[in-house]
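Since the structure comes first, as structure tokens, the remarks are kept for the end.
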Amino acid sequence: MRNNLFINRLQIITENNKIAYDEIFHKGVNIIRGDNSSGKSTITHFIFYVLGGAFNDFVPEARKCSLVIAEIEMNNEIYTIKREIIKDEQENISTQTPIYFYWGNMDESFSPPIEKTWQKFGYNTTDTRKSFSNVLFDNLGLPIVKGDNNITFHQILRLLYIDQDSPTSSLFYYEHFDSQLTRETVSDLLLGVYNEELYENKKRLISAEKEFEGIKSEIKATSHFFSDPLSLNPGHLITSIENKEKEISAIQDEIVSIRSKNKKLNYREDSKLSFQKLTEESILQRKVVLDLDEQISFLNNEIEDSAYFVETLNKKIKALKNSIHTREFLGNLPLEYCPDCLTKITHNKDNTNCKLCKEPIDGSFGVVQARRMELEISFQINESQKLLELNKRNLIDLESKYTSELGKLHDLQKQVNSSLEDVKSFNEETVDNLNSQKGFIEGEILQYRTMLENAEKYEKLVKRKEELKKEIGYLYWYINKTEGEQTKLKEVIKESIKKEGLYLLNNDLDRQDEFKNANDFIIDFSNNLVYLRSKNSEIQKVYQKFSASSNFYLKVTGRFAIFLASLAVDKMRFPRFIFADNMEDKGIEVLRAQNLQKLLIDRVSEYNQNSFQMIYTTSYITNELNNSDLVVGEYYTKENPSLKNINLI
């Protein structure tokens, strides 16, 4: 079996450097017995403390001790560990005291040979030093949990130690600041489900998929930028560079030949010197600039005319609106007397004739006519405005082009002036042209090399993408396979724990009908619970329905069921070690406590006694067990306590 932890010997030293306790433990069942208040619990507190437990609630007798030493065996190797009991000025005991390790037995550790020394390991892990939890994990073959959830050996002990102070509703050794994640991790670790490689592969899958998506996007962007597939072909680009280098070599040879006069150049009449070509180009460019200038002037005039025309039309619309308003105002103005003779005007009854001339009138004609004219003018304004905007946009384009072309003209004129200052021969111009061609080709090679760099990067990205694709496929396969194996292992462990739990419950004394008739026993590590499920699937949780003694019995059953399952399932990492303080807690009766001890001893007797260690304290031991070789130390009483040489005065 793997992951075995045994205590071979425990020694406790007083502040006066005297031995308070020194007993040998054996493999298999170890019973510490004695009356109440005789110091049995103190021994289990010291075991918890020396193994790395964060405990400081010692009784006064224990606080008079200064050192606890234990010879332990982990996976067939013998070690001796010691931990000091350090108090501050307020007499508070530190829970983060370091542990000293000696690779050898206890007797040897008292006078170690020269080549062997004690080694000190602190509570916290540093970049350069392991913690004592790291050492214990390594020696027990337990994987160190990586990530945000730091698991110390104290957290492991919370499932190995059954104490009196934790509430019966708590499966784990009780802590004020307890997290669900911690309980889940510890249970997965001890049950053998936690897989360090699986954890690392899950992390790697996340980063690999992220890298894959990034490379995929980069490949897509690169392929869009280089539309020609050949521009991403390194072989094609290397060939193109080699061809261009051959062209440069040929041009260089021709230049050398001309300068050494080995090659005669034929001058044709239609051949022109550089300054002649530049002069002709400048004349053509000047014409282009003049044409643009004329177009700009024309457009400026058009824009000015259009703007004036639009302004005039807007004034007409304004006048028409004023006319309409005037007509409407005057039409409503009452005339009582004739403006010529001042005679009172006789009104028509129907107001359909003019008050003055008595002719029939159309009151709406003038207004309608004005509205029609207003719409026509608005249409003209819209059309003229569109034309005006179009001309303005064209003017912007022309002015931009004019600036560019004028710059070209200035550059050409500078070249003309420069060429006139230094008129070269036909041979010199031929060499200059060849050098120009050479420079152009060198520029092309530089572009090809840049493209080659991108193409090689693209090729590597494609290769990396394929590698990641294969790796991601493997990771998914491994994770699914391992999680499947974990699920199967969980089921095996779950069934084994259920079997052991039901054995202890069904064989309890006839005190709780639910225990005698239980057929489904469940441990919920995440929620820190042990509970039963009846045939009608109603959950009966430990803190809901049972008496205090039955709650205690159920909790102890849960913890020992895990321990017993570890003896049957080799793949569990539970170290086949358990220690319990007081098998008679919460008012459990004598016969029931003794029956539980008998059930546990009978159950473990089916396994190799050298493969496990069970330590428990009891006040209700049977005569048969009291006289057996399962007991450790004396029968303790108030007058003969477990800790000797203690002076409380």
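Here, each number is a calculation from the coordinates, and none is a lab measurement. No experiment lies behind these values; they were computed from the predicted model shown. Every residue, glycine as well, gets a Cβ built from its backbone with ideal geometry; the counts of neighbours run over all protein chains shown.
Give Lys216/Lys463; Lys555/Lys644; Lys82/Lys644; Lys87/Lys638; Lys40/Lys644; Lys490/Lys586 a once-over and call out the pairs whose C-alpha atoms are over 23 Å from each other. Those over the limit are Lys555/Lys644; Lys87/Lys638; Lys490/Lys586. Once the Cα-Cα distance is subtracted from the 0.36 nm per residue extended length, the Asn36 to Asp165 segment shows a gain of 44.9 nm.
Highest mean first, the peptides 175-186, 593-604 sorted by other C-beta atoms within 10 Å per residue fall in the order 593-604, 175-186. Within a straight-line Cα-Cα reach of under 17 Å, Lys64 can be paired with the following aspartates and glutamates, leaving aside sequence neighbours fewer than 8 residues apart in one chain: Glu15, Asp22, Glu84, Asp88, Glu89, Glu91. Electrostatic bookkeeping for Ser109 treats Lys and Arg as +1 and Asp and Glu as -1; over the other residues with beta carbon under 9 Å from its beta carbon, the sum is -1.
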